[in-house]
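Structure, as structure tokens:
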Amino acid sequence: MLNITVNNLISLLGGEVISGDISRYGHSIVKRISYDSRQIDPFTLFVPLKGEKVDSHKFIGQVLGGDGTVCLSEYDGTDYNGDKIIIKVEDSADAVRKIAVFCRNGIKVPVIGVTGSVGKTTTREMISYALSAGRKVYATPGNRNSQLGTPQTLSLFDDDAEIAVLEMGMSMPGEMHSLAEMVRPDAAVFTNIGITHIENLGSREAIVEEKAHITDYMQDGSPLFINGDNDMLRSYAFPSNLKKYTYGLDDSFDAYAADIQEISGCPSFTAYICGTKVTVRLNVYGKHNIYNALVALLVCSYYGINLSDASAKLSVYKGYLHRGQILHNKDITVIDDTYNAAPDSVRAAIDILSAIDNNGRRIAVLGDMKELGENSVNEHISIGDYIQSKGNIDLLVTYGDISKHMSDRISAVDKIHFSEEKDLDDYLFSEIQSGDLILFKGSNSMRMFDFVDKVMNHEFM
């Protein structure tokens, strides 16, 4: 946990006090970071950011006039004339990276970094559940896995934790090296390499190269847990001084699954983990969660956790917010997988829609998949083909600019497309009926979770 005096914070950042009474507040303690002026108390450092639409430096006076004690600023001047502290820094993002490194230096337990194109959050959570069979676990809170979120994650570290599982997400070149400098993982988990963020990185080869920078600060002999069924990970030349463990469906891997069944869409299988056999029964939908469970058990094996106990923990995991959650509004069932979308995760969600037992209609409500670059149209077309191939999807509803390519591709499934939020709202409220099973999915910027909330709160006849 971040636990530093204002005086020491100034020294750490190489900052300059441009306002306030340091003799009064220099020994005040800072325990956490916030970029939101509405989430401030006397122990929180407010870090104002320059956004495309709003420069939150304008809220410094509000923060220090309220419960705040100390703020950073990239500007020399300020309208605030009180006695609380403003520290001038050249770059706020660089300042919070320094704070993150300071926090990481205080963590003396193993830190596991989780990265990949899709499935990072669910994998993080399942690893945490499994490890909790034998250790007290600290995991990334919410979605704080970015350049700005990771310093918050490290500042909130639970000093009683015996192991940490930290999600590491990137979208631009150079970001993973920066995250690795902050997190310095003792072990790394790779979920898969798809085409998420290919618009920014150019190719899958560039994506795996960027994500592999998670290893930049790892020590000799540190473990890498690799999805062996992913072509890019299987063939990538990771540093030879690290120990690679593979997981997947092939019995040549260190961890693999056999005897796979689906019970109402939830996987059940036998896991072989470094020669140890354990029965696994999951309480989440989709075959893709087999991979998440396998790597969770593989990590547990490495850290000496009893695998039967770890499997029992996995059996009570029921999903994470907006990541494949199953919700009910009377006898209408909603699959809320709205946090984000990439081709692989959309196919996995469609598999769940297709597999769940249901007497009513199966409806897919899909928004645009973003950041696919020149692949965008073809990838949306391929999702249309995939929906048609399932044979039991009754209705496709698309929303946005690009998703219409899914709809245009389909001939054997009822379909309708919307460009305006209100039109989709009106349609859903009039079309949804008793017994429907409805999947909502789209990139985060499409805000498909808003439609889920509206459906869950609507009084259907």
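The values are calculated or read from the model by the stated rules, or taken from the named source; none is laboratory data. The structure presented is a predicted model; accordingly, all values stated were derived computationally and were not measured. Note that we place each Cβ from the backbone using ideal geometry, even for glycine, and neighbour counts take in every protein chain shown. All accessible areas refer to the heavy atoms of the entire protein, side chains included, with ligands and DNA or RNA removed. Shrake-Rupley method; radii C 1.70, N 1.55, O 1.52, S 1.80 Å.
Values computed for the structure shown
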{"quantity": "Projected label distance in nm at Leu249 and Glu162, using a 7 Å step from Cα toward the beta-carbon", "calculated": "3.6"}
{"quantity": "Orientation-averaged projected area, Cα convex hull of the range 183-277 (nm²)", "calculated": "7.7"}
{"quantity": "Built amide H within the under 5 Å cut-off of Arg32, gap 5+", "calculated": "Leu45"}
{"quantity": "Theoretical FRET efficiency, 1/(1+(r/R0)^6), r = Cβ-Cβ of Ser264 and Leu327, R0 22 Å, to 0.05", "calculated": "0.90"}
{"quantity": "Total charge dipole magnitude, the range 294-432, about the Cα centre, Cβ charges on Lys, Arg, Asp, Glu only, Debye to nearest 20", "calculated": "540"}
{"quantity": "Mean projected area in nm² (Cα convex hull; one quarter of hull surface) for the range 115-255", "calculated": "8.4"}
{"quantity": "MRE, 222 nm, helices only [DSSP H, n ≥ 4, -39500 (n - 2.57), over the chain, to nearest 500]", "calculated": "-9500 deg cm²/dmol"}
{"quantity": "Solvent-accessible area per residue, Å², over the range 212-282 with all protein chains present [probe radius 1.4 Å]", "calculated": "47"}
{"quantity": "Spatial separation of Cα centroids for the range 323-348 and the range 139-177, in angstrom", "calculated": "25"}
{"quantity": "Label-to-label distance, nm, for residues given as Val316 and Phe429 (7 Å Cα→Cβ offset)", "calculated": "4.1"}
{"quantity": "Gain upon complete extension [Ile416, Ile381; 0.36 nm per residue less C-alpha separation]", "calculated": "11.1 nm"}
{"quantity": "Shape call, the range 63-110: gyration tensor on alpha carbons, a/c limit 1.5", "calculated": "oblate"}
{"quantity": "Above-threshold pairs, the threshold being 22 Å between Cα atoms, out of Lys330/Lys404; Lys53/Lys211; Lys58/Lys84; Lys31/Lys88", "calculated": "Lys330/Lys404; Lys53/Lys211"}
{"quantity": "Using a Förster distance of 22 Å, the FRET efficiency for Asn283-Ser308 (Cβ separation, nearest 0.05)", "calculated": "0.85"}
{"quantity": "Solvent-accessible heavy-atom area per residue, rounded to whole Å², over the range 308-461 at 1.4 Å", "calculated": "44"}
{"quantity": "Stokes-Einstein D for the range 26-88, Kirkwood Rh over Cα pairs, 10 °C, 1.306 mPa s (µm²/s)", "calculated": "137"}
{"quantity": "Where labels lie 7 Å past Cα in the beta-carbon direction, separation of Asp76 and Glu205 in nm", "calculated": "4.9"}
{"quantity": "Solvent-accessible area, 1.4 Å probe, carbon plus sulfur percent, for the chain", "calculated": "44"}
{"quantity": "Gyration tensor verdict on the range 227-272 (Cα atoms; rounded if a/c is under 1.5, prolate if a/b is larger than b/c, oblate otherwise)", "calculated": "prolate"}
{"quantity": "The range 40-105-the range 400-461 distance, computed between alpha-carbon centres (Å)", "calculated": "41"}
{"quantity": "Candidate lysines for bridging to Lys313, where Cα separation is under 27 Å - those fewer than 8 sequence places away on the same chain excluded", "calculated": "Lys108, Lys120, Lys136, Lys243, Lys244, Lys277, Lys287"}
{"quantity": "Square roots of five times the Cα gyration tensor eigenvalues for the chain, Å", "calculated": "39, 29, 20"}
{"quantity": "Förster-model FRET efficiency, 30 Å R0, Asp394 and Asp229, C-beta, rounded to 0.05", "calculated": "0.45"}
{"quantity": "3J(HN,Hα) from dihedral phi, the range 40-46, Karplus parametrisation 6.51/-1.76/1.60, rounded to Hz, x for glycine, proline", "calculated": "9, 9, x, 9, 9, 8, 8"}
